[in-house]
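Here is the structure we will look at.
The values are calculated or read from the model by the stated rules, or taken from the named source; none is laboratory data. Note that the structure is a prediction, hence the values are computed from the model and not measured. Note: ideal-geometry Cβ built from the backbone for every residue, glycine included; neighbour counts use all protein chains shown. All accessible areas refer to the heavy atoms of the entire protein, side chains included, with ligands and DNA or RNA removed. Shrake-Rupley method; radii C 1.70, N 1.55, O 1.52, S 1.80 Å.
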Amino acid sequence: MAKVVTLTLNPSLDVSTSTREVRPTDKLRCAEPAYYPGGGGINVANLIHALGGDVLAVVTAGGPFRARFEDLLLRTGTPFAFIPIAGDTRANLTVAEGQSGNEYRFVMPGPVLSAAEQQSCIDRVKGVRPPPEFVVISGSPPPGVGPELIEQLGEWCNMVAARLILDLPGDHLRTSGARRPFLIKPNLRELELLVGRKLMGEAEEAAAAAALVETGFAEVVLVSLGPRGALLVSREGAERIVAPAVEVRSAVGAGDAMVGGTTWALSQGCSLGEAARFGVAAGSATLLTSGTQVAAPEAIYGLFEGLRPERSVLATRSRPARSSIDRDST
């Protein structure tokens, strides 16, 4: 049984390395690379699994990187279902520049999915029994994927009372075709794209997100604001969540972790506000890791309790078996 099903239409073999300085033309001698199974829905599922949640990751895969990609995903222990495709799973590259501390991320477009392959993705999600409580579609869709896929899954979610969560690039989110998804997670630039104007200051940001809720674009809008934290808007009101100060090692996967933490907390029966705060803690904890490594649950709980020091629903729940944090000592 999977309470949460994630769909990753365009996964990647993520390659992470470092070099002293990034310069044009010159050969750049890099450190030994690390490899991770990447993609929005995969990162969300890996975090939920690490927290002890019931999750299934539906993932497309094909081409020469498939075997390495599948092996890496198997090592995470996250339950998954592969959708074989004719195209090649992409590889993305992240390079940390030692001299400046900057991080350079090179993201490839990915393969074209045929109509039959897209339908296989839809059928696999709809075939989960019993139906999940949450369906998360996260990450950049590959070329050729139109709004019909998300529209079909959105209609199915409404039929089976599953809550649809979308974390897509702004242009795909704007044309997703989903009828009032439960939650969307744009960043500030994507929020501006959705409302068609530049937003100046916190009041305009909150008003823009509230307009999306009022017009029925989504039930909940959770805006990721980077170092500023997040903005949560629903019909219940708006809440600003200030991100905890952490030393950033890598920003890769932080937004996915925010979605994963929020979804996991909701699946545990937490309130919307509490779940969003847990999501911010998960995103912040991911900044402490390299590549697309999953943040340690104890690090997430520690940051969460800094955001919400009083006792809460999460504070009374059992931790994942792999977590050794003593919450009463915080």
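Things to note:
- Ranking TYR104, VAL233, MET1 by Cα position along the charge dipole of the chain, where only Lys, Arg, Asp and Glu carry charges on their C-beta atoms, puts MET1 farthest toward the positive end.
- Simple label model, 7 Å out from Cα along Cβ direction - ASP71 to ARG129, nm: 3.5 nm
- Ranked by the mean number of other Cβ atoms within 10 Å of their residues, highest first, the peptides 135-144, 41-50 fall in the order 41-50, 135-144.
- Counting DSSP beta bridges with both ends in region 1-154, the antiparallel % (nearest 5): 30 percent
- Given R0 = 30 Å, the distance between the Cβ atoms of ALA245 and LEU188 translates into a calculated FRET efficiency of 0.95.
- Rounded to the nearest 5, the antiparallel percentage of DSSP beta bridges internal to the chain is 35%.
- Estimated dipole of the chain in Debye, rounded to 20 [Cβ of Lys and Arg +1, of Asp and Glu -1, Cα centre]: 280 debye
- Placing +1 on the Cβ of every Lys and Arg and -1 on the Cβ of every Asp and Glu, with no other charges, gives region 81-232 a dipole of roughly 160 debye about its Cα centre.
- Rolling a 1.4 Å probe across the protein heavy atoms gives the chain an accessible surface of 44 Å² per residue.
- Percent RCO, i.e. relative contact order, over the chain, from Cα pairs under 8 Å lying at least 6 residues apart: 16 percent
- The apolar share of the surface of region 164-211, taken as the fraction of accessible area on carbon and sulfur atoms (1.4 Å probe, ligands and nucleic acids excluded), comes to 54 percent.
- Listed residues LEU153, LEU28, TRP264: farthest to the positive end of the dipole of the chain (Cβ charges): LEU28
- Within-12-Å neighbourhood charge of PRO111 [Cβ basis; K, R +1; D, E -1]: 0
- Selected from VAL220, GLY77, PRO169, residue furthest toward positive end of dipole (the chain; charges at beta carbon): GLY77
- Highest-first packing order for the peptide set 4-14, 85-95 is 4-14, 85-95, based on the mean count of other beta carbon atoms within 10 Å.
- 10 Å Cβ shell holding at most 13 others, DSSP loop, GluC sites (Glu not before Pro): longest site-free stretch of the chain: 22-235
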